[in-house]
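Novice: One structure coming up, written as C-alpha cells, with questions to follow.
Every number here is computed from the coordinates shown, using simple stated rules; none is lab data. In this text, all values refer to a predicted model and were calculated from it rather than measured experimentally. Cβ coordinates were reconstructed from backbone atoms using ideal geometry, including for glycine residues, and neighbour counts include every protein chain displayed.
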Amino acid sequence: MDEKLKQLLSSIDSVDDYESPDYFNYTLELEKVKKLKIILDQLLGLTLEIDNYVQDASFFTTLSFVHDNLCDIAIRFSNYGNLTSIYIYKLEAKLPIKVLIQTLEDNGYVYVSCDALEVPYDGIDKNVFDGGTWWDRYFNYV
C-alpha cells in the first residue's frame, strides 16, 4: 500500500466507531447514491441494482449488475470518508473503468482499488479488525 493511501485510511480510522462514524448520515448518503445510479446506468449502458439492506457493516450500499445469477460488477460505498471501490467479475473489457472511476470522483467519492486494500489491517482498532484487511475495515461486514 502506498504511503498516501495509508495516511488517508489511517486518518479516518476510529477505535470507537467500527461500523460508521458519528458524522455519517445514511439517508443523505443513500440519496446521493440513488442519483449517481442514474448517471452510472447511462454511462455503463446497464441497469444497476442498489442494495439498501446492508446491516452490521462498514459500508452502506452496493450498486451491482447481476446477469445469469452472477454479479458482473459491484461498486461498494463505505461509511467512511466517501470511499468507494469497484470489483469486476466478467465485463472488464467492455466497461469504461477509467471513466467510471472519474465519474465517481467527480461526484465526491474517493476511489480505492480492491487490490490496494487487500493488505493486513494495521490500524488503531485491533479489537475488531485484528487479523483482517483494510478492505474488511472499510468495505465489509463486521
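Novice: Scanning the chain for chymotrypsin sites (Phe, Trp or Tyr not before Pro) in DSSP loops with at most 10 other Cβ atoms within 10 Å, what's the longest stretch left with none?
Specialist: It runs 54-142.
Novice: Let me ask another. Got a sec to turn the phi values of segment 134-142 into Karplus ³J(HN,Hα) couplings, 6.51 cos²θ - 1.76 cosθ + 1.60 with θ = phi - 60°, whole Hz, x for Gly and Pro?
Specialist: 5, 4, 4, 4, 10, 9, 9, 6, 10
Novice: Right, here's the next one. Please enumerate, by chain and number, the lysines with C-alpha under 22 Å from the C-alpha of LYS37, excluding those fewer than 8 residues away in the same chain.
Specialist: Answer for LYS37, where 22 Å is the Cα cut-off: LYS90, LYS94, LYS98, listed by chain and number.
Novice: Which of LEU48, LEU95, LEU63 moves the most in a Gaussian network model of the chain with Cα springs under 10 Å?
Specialist: Highest fluctuation of the listed residues: LEU95.
Novice: Separate question: Which aspartates and glutamates, if any, have their Cα less than 19 Å from the Cα of LYS126, not counting same-chain residues under 8 positions apart?
Specialist: ASP13, ASP16, ASP17, GLU19, ASP56, GLU118, ASP136
Novice: On to the next question. Once you keep just the Cα pairs under 8 angstrom separated by 6 or more residues, what percentage relative contact order results for the chain?
Specialist: The normalised contact order for the chain reaches 24 percent.
Novice: Does segment 1-46 come out rounded, prolate or oblate, given a ≥ b ≥ c as the square roots of the eigenvalues of its C-alpha gyration tensor, rounded meaning a/c under 1.5 and, failing that, prolate meaning a/b above b/c?
Specialist: Because a/c hits 1.5 or more and a/b fails to exceed b/c, segment 1-46 counts as oblate.
Novice: Looking at the square roots a ≥ b ≥ c of the eigenvalues of the Cα gyration tensor of segment 3-139, which shape do they give, rounded for a/c under 1.5, prolate if a/b is larger than b/c, or oblate?
Specialist: Because a/c hits 1.5 or more and a/b exceeds b/c, segment 3-139 counts as prolate.
Novice: So for segment 29-142, taking the charge dipole from beta-carbon charges (+1 Lys/Arg, -1 Asp/Glu), which of TYR80, ILE38, GLN55 sits furthest toward the positive end?
Specialist: Of the candidates, ILE38 comes out farthest on the positive side.
Novice: Further, regarding this structure: Hey, can you grab everything whose amide H is under 5 Å from the amide H of THR61? Only 5+ residues off in sequence or another chain; H modelled, so Pro and N-termini drop out.
Specialist: PHE77
Novice: How large is ³J(HN,Hα) for each residue in segment 3-16, as worked out from phi by the Karplus curve 6.51 cos²θ - 1.76 cosθ + 1.60 (θ = phi - 60°), to whole Hz, x for Gly and Pro?
Specialist: After applying 6.51 cos²θ - 1.76 cosθ + 1.60, I find 5, 5, 5, 4, 5, 4, 4, 5, 5, 9, 6, 8, 8, 8 Hz.
Novice: On to the next question. Order by neighbour count: LEU36, LEU30, fewest other Cβ atoms within 10 Å first, most last.
Specialist: LEU30, LEU36
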